[in-house]
Structures are given as structure tokens and as C-alpha cells.
Amino acid sequence: MNSASTDVLISEVGPRDGLQSIKSIMPTAQKKVWIDALYRAGIREIEVASFVPAKLLPQMADAAQVVEHAKTLPGLTVMALVPNLKGAQSAITAGVHKITLPVSASAAHSLANVRKTREEMIEEVKKIAAFRNEYAPQVKLEAGIATAFGCTLQGLVPEDDVIWLAEQVIAAGADESGLSDTTGYANPAQIKRLFKRLKAAIGNKAGAAHLHNTRGLGLANCLAAYEEGVTSFDSSMGGLGGCPYAPGASGNVVTEDLVFMFEAMGIKTGINLDLLFEARQPLQAGLPNESIYGMVPEAGTPKGFVPASQSVYS
């Protein structure tokens, strides 16, 4: 999943997860400027939009236009989230390289988020995989397991349910399945335990860690996942994001802080921190009324800091 010059893949989800979770609507032109800045910093996978009805998420009404622009950036994997077959068809028509489908391990969250049961979502994966196989076999399909570590609506989510669901979506045709801490409930011990079980169950089809910082454990949980062999991480610039159907689930892991942690440890991300900090400017310009977060951008890097990826900077 990651290139030979990097140790981990940082997948930026701010243009989708971040923007759809706030009331402000970033103008299309500003989205393009922001995506360009993220690309210049070295990010090579960006979830740029979600294909959902504009009346439900007006922030994503320009999804096809944003995808069209992102596709002009050489070597960028352009991703989009889809809730169902119709969304997948629209995303594939727009030309995305990868689609992600959230399948919730929590029965209550599944109904609230996509208005389908878990079993119905497994059938949706089958339909999407069949369509993809026929019309766009080059497009990757990830079915991420949402609320894998707990749910604000249901409470505890049995780990057996999580692993069962991951096995089912892979059997249904998904290329990979990662785990999402949609509500920010996870702790490092839980992360280690569940990712270890995931890898044992589906092997190299185990996908990304999509973790939130709602309770301040985002970076610790990412490190725990890395120690279990995870090499792909979703994060959001400025910590924007959360699930509108999971009360209190604000705040993805901050991309800038995550990149700094790995680079400081000698783990290559292929991302230039200085250029990454600069990419906050078009983000803030496009959302003048929104707060963005991040510890390292505020404090700066330590004196004498040499990032692991310095040798791959262009």
C-alpha cells in the first residue's frame, strides 16, 4: 500500500471527513487549492469527497468536480467515501482510484448512519464489488469497520462482531478492511488486541487504522496499531472531522502531529513537515469561521530536528 521510500502511508481524509462534519461549506476553488497544498507536502492518498445526496451533505455537492481536479495530480491516489451502490457508481463514473464504504459493527450506528442493518450492508458490499469488477476492476474497494471499538448509541461492541464483520466484507468482495474508532472510545491495549485479531482473521487484507482523538488517545492508539504491523493511517489536517451520527465523536487524529510522531521516531512518511504546516493556510482561508487544531504546528519542531523522510524530499 505504501511506496518503497516510505515506512507508513498517511491517508489524508480532511477534504471528506473533515469538511462534511462542520456547518461551513468550503468553496470548490478553495478545496482544490487545499488539495494541491497537501499534495505538494508529499501526501499521496487523499479522500477528497463522499458521494451522497447534496440535500443530506451540501458540503459534498461538488464531489465530482473535486475528483476531476485531484486526478490531475500525478501519483495521487484519489479516494471517495460511498454509503451504497448508487454512491459507488457515481464515484467510479467520476474516476476515483479507490472507494471506501463504512460498515458499522454497531447495529444501532449502522441504522443511524446508513439506514441499513449490518447484514444489509454486507449485501451492499457484494453489489458494489460486482459492479466494480464489471466496469472498473482497477478501482480498489475498502470496507472499513466503523464503531469497531465502541459506540455512543449502543455502548459496548463485541470484538467477535467486529472480526465477523471484517471477514464477511472480505468474503463479499472488498479488497481490504480496516478498523475505525468512530467514537474515540479506543485505548492502546484494545487497539493492539483487535488489530492482532484482524490480521489473524483476514491476513494481508487488513487495512487502515482510522482513529479519532476525541479522548486524547489518538496518537497513542496510532502507535499501538503500528506496533501491531499497521502501516496505513487515516488522519485529518487540523484535526477536523467526526461522525454526524455518533454524538460527541469530534476530532480525527491531527495529520501534522501524526507525521511528526512518526518522523521523530525514524519512521518515514514521505511528507515534508514544513510544507504540511503551510497547507494549513488554504484550509483556514477556506474555513475562516472554523477552528483548526494541532500541537506541533503551534509549538514548532524541536531545535535540531531532522525528519526521517528528509532524504525523500523533493
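Which number in (1) crowded, with 24+ Cβ neighbours inside 10 Å; (2) under 25 Å from ARG44 (Cα atoms); (3) not aliphatic (A, V, I, L, M) marks the one condition that TYR226 misses? Every condition holds for TYR226 apart from (1). Annotation: of all residues in segment 145-156 being closer than 19 Å to ARG215 by Cβ and aliphatic (A, V, I, L, M), the one that is nearest to the chain's Cα centre (by Cα) is ALA146.
Suppose we filter GLU124, GLU142, GLU159, GLU167 for residues that are within 16 Å of HIS210 (Cβ to Cβ) and either in contact with a helix residue (DSSP H, G or I) (Cβ under 9 Å, 6 or more places away or on another chain) or in contact (Cβ under 8 Å) with a residue 24 or more places away in the chain (or both); which single one remains? Every option except GLU142 fails the conditions. Where helices (runs of 4 or more DSSP H) fall wholly inside segment 30-129, the ranges with 3 or more residues that are modelled with pLDDT under 95 and surrounded by fewer than 18 Cβ atoms within 10 Å (Cβ to Cβ) are 107-114. Give the residue, chosen from ALA206, ALA189, that is among the aliphatic types (A, V, I, L, M), in contact (Cβ under 8 Å) with a residue 24 or more places away in the chain, surrounded by fewer than 19 Cβ atoms within 10 Å (Cβ to Cβ) and over 21 Å from GLU119 (Cβ atoms). The unique qualifying residue is ALA189.
Taking into account only those residues within segment 148-184 that are of a type in the set (S, T, N, Q) and at pLDDT below 95, which is nearest to SER236 (Cα to Cα)? Looking at the filtered set, the residue picked out is THR182.
Selection of segment 253-263 for residues being closer than 18 Å to ASN213 by Cβ and out of contact with any His (no Cβ under 9 Å at 6 or more places or on another chain) yields VAL254, THR255, GLU256, ASP257, LEU258, VAL259, PHE260, MET261, PHE262. Whenever a residue of segment 219-231 is closer than 15 Å to SER11 by Cα, its partners that are at pLDDT below 95 and of a type in the set (S, T, N, Q), lying with C-beta atoms within less than 6 angstrom and at least six residues away or across chains, give the pairs THR231/ASN2. Among the candidates ALA285, ALA225, the residue that is within 29 Å of ALA112 (Cα to Cα), aliphatic (A, V, I, L, M) and in a helix (DSSP H, G or I) is uniquely ALA225. Taking segment 46-58 as the range and being of a type outside the set (Asp, Glu) and more than 13 Å from MET26 (Cβ to Cβ) as the test, the residues that pass are ILE46, SER50, PHE51, VAL52, PRO53, ALA54, LYS55, LEU56.
For the structure I just gave you, tell me whether GLU12 is in contact (Cβ under 8 Å) with a residue 60 or more places away in the chain, crowded, with 22+ Cβ neighbours inside 10 Å and in contact with a Lys or Arg (Cβ under 7 Å, 6 or more places away or on another chain). Judged against the criteria, GLU12 is not a match. Part of a helix (DSSP H, G or I) and crowded, with 19+ Cβ neighbours inside 10 Å - does that describe any residue in segment 169-182? Yes, segment 169-182 contains a residue that is part of a helix (DSSP H, G or I) and crowded, with 19+ Cβ neighbours inside 10 Å. If the condition is being assigned to a helix (DSSP H, G or I) and either at pLDDT below 95 or within 24 Å of LEU85 (Cβ to Cβ) (or both), then segment 16-29 contributes ARG16, ASP17, GLY18, LEU19, GLN20, SER21.
Considering ALA80, ALA61, the condition of being without any contact (Cβ under 8 Å) to a residue 40 or more places away in the chain, of a type in the set (A, V, I, L, M) and closer than 22 Å to THR28 by Cα is satisfied by ALA61 alone.
The values are calculated or read from the model by the stated rules, or taken from the named source; none is laboratory data. Being a predicted model, the structure only gives us computed values, none of them experimental. Note: ideal-geometry Cβ built from the backbone for every residue, glycine included; neighbour counts use all protein chains shown.
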